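*Asks:* Following this message is one structure expressed as structure tokens.
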Amino acid sequence: MERTSSIINQIQPPTYGTLVTILSIDGGGIRGIIPATILSYLESQLQELDGEDARIADYFDVIAGTSAGSLVTTMLTAPDENNRPLFTAKDIKAFYLEHSSRIFPQHLGPFALIIKILKAVSGPKYNGKYLHGLLREKLGKTRLNQTLTNVVIPTFDIKKLQPTIFSTYEIKSSPGLNALLSDICIGSSAAPTYLPAHYFQTKDSRGKVRDFHLIDGGVAANNPALVAMGEVTKEVFRGNPDFFPIKPMDYGRFLVLSIGTGSPKRDEKYDADQASRWGILGWLINRGSTPLVDVFTQASEDMVDIHISVLFQALHCESNYLRIQDDTLSENISSLDIATKENLDNLVKIGDGLLKKPVSRVNLETGIFEPIENEGTNEEVLKRFAKKLSQERKLREATSPHVKFLISRR
């Protein structure tokens, strides 16, 4: 039987189903390979259930991403010439493997450390030209309002010293946010000390100009899951009919998949004895990485995960929140930018291995991920998650008058 999605591909509003589906992807530089691997597996499971044309964007009401996650988000949701996602999930891993070494060119040899120190003092480690050109080529003139499902991408405006959240929900009230996806991604991935801040302007239909002075959204929300939930909640408060009859605090109806990009072993990278002697240079470059960036991105990830875990446990709907993360990475592998072939290959192995690891949940006291009894592996739970997504989509298609109208006209 031909799937209804061959008639209408874009997901129907939550008002015709029972759940609000959210996908969140952390920032993490080249470690974006890890969520790309996880999403490739999830998309393959959706294709087994609903056919080879199934795509991630067909199942999630909101896809949120920060920094590297913003790249993954736009690749999954930007339309091609047939109004289908520009990339399949499996294409994203290949994208990282092909381009990472040119986005983050490596300085090798006996003077590599000296070059890194000089760059840390004089400016960002990378000029960003290759990344900027690549994003403009791939995303073209596509703007935020053209994505195939709702997206939420946090950035930080260094001039205003406040977060700027690019959300498809906000475009009606703030048309100045309707920027090019390439500009949004360049801004969201402009990690301090790694890539240059990004300036651009937008102009709305009345000619009003808005300036943006953006750096990496990871300084505010490296794990954007809570931001995405907040955007949905605001729409419920506003009376958006897409979310009727959901109540503002009805988080038991949220189905959230949050994917991390991996983090270093908790007790092996830095310690207080070392940090007590660091000055500006020590916090900017140490053991080949940038402790200051590591600290604020890791803090953001953990605080959001702990908050959502507590919320869903309090509502007795823990199974509606799935966080997939590996917090055992070695020093080099946890780097944002060591884009050697060996390191990239190791990240692929980490992603594949993470699928085989047991489903884990953060321990609210230690902050360490611990296996959950009787839940199986991440691979197994993603199969179950895919079934929930498929069932939700089919329910919406069965009850949506828009889909019924299209079927009647065939």
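*Asks:* Report the residue count in the range 23-36 for those that are open to solvent by less than 10 Å² (accessible area, probe 1.4 Å), closer than 11 Å to Thr261 by Cα and either out of contact with any Pro (no Cβ under 8 Å at 6 or more places or on another chain) or at pLDDT below 95 (or both).
*Replies:* Residues in the range 23-36 being open to solvent by less than 10 Å² (accessible area, probe 1.4 Å), closer than 11 Å to Thr261 by Cα and either out of contact with any Pro (no Cβ under 8 Å at 6 or more places or on another chain) or at pLDDT below 95 (or both): 8 in total.
*Asks:* Would the range 257-269 turn up any residue that is modelled with pLDDT under 85, within 30 Å of Thr37 (Cβ to Cβ) and in contact with a strand residue (DSSP E or B) (Cβ under 6 Å, 6 or more places away or on another chain)?
*Replies:* Looking through the range 257-269, at least one residue is modelled with pLDDT under 85, within 30 Å of Thr37 (Cβ to Cβ) and in contact with a strand residue (DSSP E or B) (Cβ under 6 Å, 6 or more places away or on another chain).
*Asks:* Separate question: Which strands (runs of 3 or more DSSP E) does the range 140-204 wholly contain that include 2 or more residues that are of a type outside the set (D, E, K, R) and surrounded by fewer than 18 Cβ atoms within 10 Å (Cβ to Cβ)? Talk me through it step by step, then tell me what you get.
*Replies:* On the way: elements: 150-157, 162-167, 198-203.
Strands (runs of 3 or more DSSP E) meeting the threshold: 162-167, 198-203.
Let's see how each residue does on (1) more than 16 Å from the chain's Cα centre (by Cα); (2) in a loop (DSSP other than H, G, I, E, B); (3) of a type in the set (Gly, Ala, Ser):
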{"residue": "Ser24", "(1), (2), (3)": "no, no, yes"}
{"residue": "Ser44", "(1), (2), (3)": "yes, no, yes"}
{"residue": "Leu49", "(1), (2), (3)": "yes, no, no"}
{"residue": "Asn83", "(1), (2), (3)": "yes, yes, no"}
{"residue": "Tyr96", "(1), (2), (3)": "no, no, no"}
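*Asks:* I need a count of the residues in the range 62-83 that are under 23 Å from Tyr16 (Cβ atoms), open to solvent by 10 Å² or more (accessible area, probe 1.4 Å) and modelled with pLDDT of 95 or more.
*Replies:* Filtering the range 62-83 for residues under 23 Å from Tyr16 (Cβ atoms) gives 62-64, 76-77, 79, 83.
Going one step further and asking which of them are open to solvent by 10 Å² or more (accessible area, probe 1.4 Å), we end up with 79, 83.
Applying the additional criterion that residues be modelled with pLDDT of 95 or more yields 79.
Matching residues across the range 62-83 total 1.
*Asks:* So the check is Cβ under 9 Å with 6+ separation or different chains; which pairs have a first residue in the range 363-383 that's in contact (Cβ under 8 Å) with a residue 12 or more places away in the chain and in a strand (DSSP E or B) and a second one that's surrounded by 14 or more Cβ atoms within 10 Å (Cβ to Cβ) and among the polar types (S, T, N, Q)?
*Replies:* Phe369/Gln325; Phe369/Thr328; Phe369/Ser360; Pro371/Ser360
*Asks:* Any residue that is of a type outside the set (Ser, Thr, Tyr), closer than 23 Å to Tyr126 by Cβ, surrounded by fewer than 15 Cβ atoms within 10 Å (Cβ to Cβ) and modelled with pLDDT of 90 or more - is there at least one of those in the range 328-339?
*Replies:* Checked against the condition, which is being of a type outside the set (Ser, Thr, Tyr), closer than 23 Å to Tyr126 by Cβ, surrounded by fewer than 15 Cβ atoms within 10 Å (Cβ to Cβ) and modelled with pLDDT of 90 or more, the range 328-339 yields no hits at all.
*Asks:* Looking at Ala299, is it under 20 Å from the mean Cα position of the chain (by Cα) and surrounded by fewer than 14 Cβ atoms within 10 Å (Cβ to Cβ)? I'd like the intermediate steps shown before the answer.
*Replies:* Values: under 20 Å from the mean Cα position of the chain (by Cα): yes; surrounded by fewer than 14 Cβ atoms within 10 Å (Cβ to Cβ): yes.
Here the answer is yes, as Ala299 does meet what is asked.
*Asks:* Here is a further query. Just the residues that are among the aliphatic types (A, V, I, L, M) and either open to solvent by 40 Å² or more (accessible area, probe 1.4 Å) or out of contact with any strand residue (DSSP E or B) (no Cβ under 9 Å at 6 or more places or on another chain) (or both), please, taken from the range 205-220. Before you say what the answer is, go through the steps one by one.
*Replies:* Taking the range 205-220 as the starting set, the residues that turn out to be among the aliphatic types (A, V, I, L, M) are 209, 214-215, 219-220.
Correct list: Val209, Val219, Ala220.
The values are calculated or read from the model by the stated rules, or taken from the named source; none is laboratory data. Because the structure is a prediction, the values reported are computed rather than measured. Here the Cβ is made from the backbone with ideal geometry for all residues, glycine too, and neighbour counts use every protein chain on show. We work out accessible area using only protein heavy atoms, side chains counted, and drop any ligands, DNA or RNA first. Shrake-Rupley method; radii C 1.70, N 1.55, O 1.52, S 1.80 Å.
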